[in-house]
Amino acid sequence: MIQFDGVTKRYADGTVAVDDLTLQIPTGQITVLVGPSGCGKTTTLRMINRLIEPTSGTITIDGEDVRAQDPARLRRGIGYVIQHAGLFPHRTIVDNIATVPYLLGWDKKKARTTALELMERVGLDTKMAKRYPYQLSGGQQQRVGVARALAADPPVMLMDEPFSAVDPIVRKSLQEEFIRLQSELRKTIAFVTHDIDEAIKLGHTVAVFKVGGVLAQHSTPDELLAEPADDFVREFLGGEKGLKRLRFNRDLDRQDEPGAERQDKPDVEAAER
Amino acid sequence: MNLADQIRAAWTWLTASAHWSGGEGIPHRLLEHLGYSALALVIAALIALPLGALVGHTGRGGFAVVTVANFARAIPTLGLLLLVVTVTSIGLTPVIIPLIALATPPILVNTYEGVRGVDPDIKDAARGMGMTGTGILLKAEVPVAMPLILLGLRTAAIQVVATATIAAYAGIGGLGRYIVDGLARKDYPSVVGGSVLVVLLAVIVQLAFVGIRRAVVSRGLRN
């Protein structure tokens, strides 16, 4: 579990990016951080692996303060996926995926074998292993980005708008595969997006942020749709019209997937009990 | 003499066996020329590569680097040579210093711009995966910036090879000898022959960099 306790990030010019945030990101679940631009969701994410240091408050992963650990070592133990993948253009796909294993000093052969396994896992043809990023489509690059984050099998993953830069059709397939992958891997995932549809679709829980880094509501997608905490959340969900559409889509999604609820859903309730 | 005669005369000069042996011969002068060029280039690279990479990586001091480099570019090479000759004496130093001053700016600016210009997403991903500062610089930024860095080195190398003729003014030989002596003696075949050799050398350097590029730039970056 990732725990934020009274975390504030204030920049030198006085701007408050995150304001007194207390938030739990439960183990084995996807927690989506969503909100308009300037709401501090990315700052929140980046404080977990210390790419940004909080001004005050503490962040712990399984009880351990992240600031007690060496930043580089901490980050090697946390998967990191960003919007445009940020692949190394000078390295082949297989070597891109093996980046963290190499950093951890794994044997080269073992690192590559793992990387090839992960290619299959994220739906990439292993024939692409020796290709370079420029030879891949945006969607394929994003899959490599996910595989790279998974390479050293970290328990925690941070994902910053990973599917935002691809077209809607590719995004949908990436999202669906991501759900499938997560039902197998059960990582603790913090997932940032500005897209409320994506948040409802992927999150076990959704944390809605307001501009100024204030957490407006943190609840399951169903609770969020049933009872928006305040006018801001209601507005962010698109008002009555938007809520209707989101509820309708959610019902559709349930019907789409046989067995109705996602397999891992019962765990959410179990964890809450 | 018309042009055809001049070319013929230069060809005769170039192919005369007497010009291909001894301390005054082309092979010896060529080696001197290459030696001075290589020395200046290596020293310039030792200064400019680490400095450019460091400034590009940290983002601090970029303005100073570009300003100094542009200033250095404006220094007349021959003027600097004469200045150093008057301060020190004839010899290697007055030749090497202007050549270093010539070679450093393109390497410095290209390395700085290359490293600085690496896609921020690549740097962010590298940091987020737990690479250290040095790791990011050496395993991500420098390899990605390599095409630009090589371009700087190539520009510097060609300029240095073409300019190392000034060694003759400081009395230490090189291919410039044929040009300077030829001019003094009104021996134009020697002037043209020497010039042709310098041009050929510059072309060979250019070609060498094509090979170097193939060897050190990742295939993923060659598009």
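Read the figures in this text as sums done on the coordinates, not as results from a lab. Bear in mind the structure is a predicted one, so any value in this text is a computation, not a measurement. Glycine gets a Cβ as well: all are built from the backbone with ideal geometry, and neighbour counts include every protein chain shown.
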- Message: Please compute, for peptide B:119-125, the average count of beta-carbon atoms on other protein chains lying within 10 Å of each residue's beta-carbon.
- Response: 6
- When A:D153, B:D187 are arranged by how many other beta-carbons sit within 10 Å of their Cβ, fewest first, they go A:D153, B:D187
- Task: Using only Cα positions of the stretch B:1-131, each an equal point scatterer, no hydration layer, compute I(q)/I(0) via Debye at q = 0.14, 0.18, 0.20 Å⁻¹ and quote the log10 values to two decimals.
- Result: -0.81, -1.00, -1.09
- Message: So if I take the alpha carbon set of the stretch B:152-204, get Rg, then get Rh from the Kirkwood formula, what is the Rg over Rh ratio?
- Response: 1.02
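Just the Kirkwood number for chain A, please: inverse of mean 1/r across all distinct Cα pairs, in Å, one decimal.
19.3 Å
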- Of A:K210/A:K241; A:K172/B:K139; A:K201/B:K123; A:K130/B:K123; A:K130/B:K139, which pairs sit farther than 25 Å apart, going by alpha carbon to alpha carbon? A:K172/B:K139; A:K201/B:K123
- Query: If each residue's Cβ is checked for other Cβ atoms within 10 Å, how do A:I189, A:I93 rank with the fewest at the top?
  - Reply: A:I189, A:I93
- Message: I'd like the orientation of helix B:142-163 relative to chain B: the angle between its Cα long axis and the longest Cα principal axis, in ° from 0 to 90, rounded to 10.
- Response: 20 degrees
- Query: Based on the Cβ-Cβ distance of A:A226 and A:T60, what FRET efficiency does E = 1/(1 + (r/R0)^6) give at R0 = 30 Å, to the nearest 0.05?
  - Reply: 0.45
- Can you give the angle from 0 to 90° between the axis of helix B:62-73 and the longest principal axis of chain B, with both taken from C-alpha atoms, to the nearest 10? 0 degrees
- Shielding by other protein chains, A:79-85, mean Cβ within 10 Å: 4
- Note on the structure: Treating only Lys and Arg (+1) and Asp and Glu (-1) as charged, each at its beta carbon, one finds that the protein assembly as shown has a dipole about its Cα centre, in Debye to the nearest 20, of 2000 debye
- Task: Return a whole-number percent for the relative contact order of chain A, with Cα pairs under 8 Å and 6 or more residues apart as the contact set.
- Result: 25 percent
- Task: For chain B, find the longest principal axis of its Cα atoms and tell me its angle to the long axis of helix B:92-116, 0 to 90°, nearest 10.
- Result: 30 degrees
- From the C-alpha gyration tensor of the stretch B:3-221, pull out the three semi-axes of the equivalent ellipsoid (sqrt of 5λ each), sorted largest to smallest, in whole Å. 40, 20, 12
- Query: Taking the Cα centre of chain B as the origin, how large is its charge dipole in debye, to the nearest 20, when only Lys and Arg (+1) and Asp and Glu (-1) carry charge on their Cβ atoms?
  - Reply: 340 debye
- Put a dot 7 Å past each Cα toward the Cβ at A:E120 and B:W11; how far apart are the dots in nm? 6.8 nm
- Item | Spatial extent of the stretch A:51-191: Rg and Dmax, with the Cα atoms as the point set, Å | 15.2, 48
- Query: Going by average Cβ neighbours within 10 Å, how do the peptides B:116-122, A:1-7, B:169-175 rank, with the highest at the top?
  - Reply: B:169-175, A:1-7, B:116-122
- In whole Å, largest first, the alpha carbons of the protein assembly as shown cover along the principal axes 101, 50, 44
- Within a Gaussian network of chain A (alpha carbon springs, distance under 10 Å), most fluctuating of A:A147, A:A229, A:A85: A:A229
- Would you mind ranking B:V109, B:V115 so that the residue whose beta carbon has the fewest other beta carbons within 10 Å leads the list? B:V109, B:V115
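Percent relative contact order of chain B, based on C-alpha pairs within less than 8 angstrom and at least six residues apart?
Computed over chain B, the figure is 25 percent.
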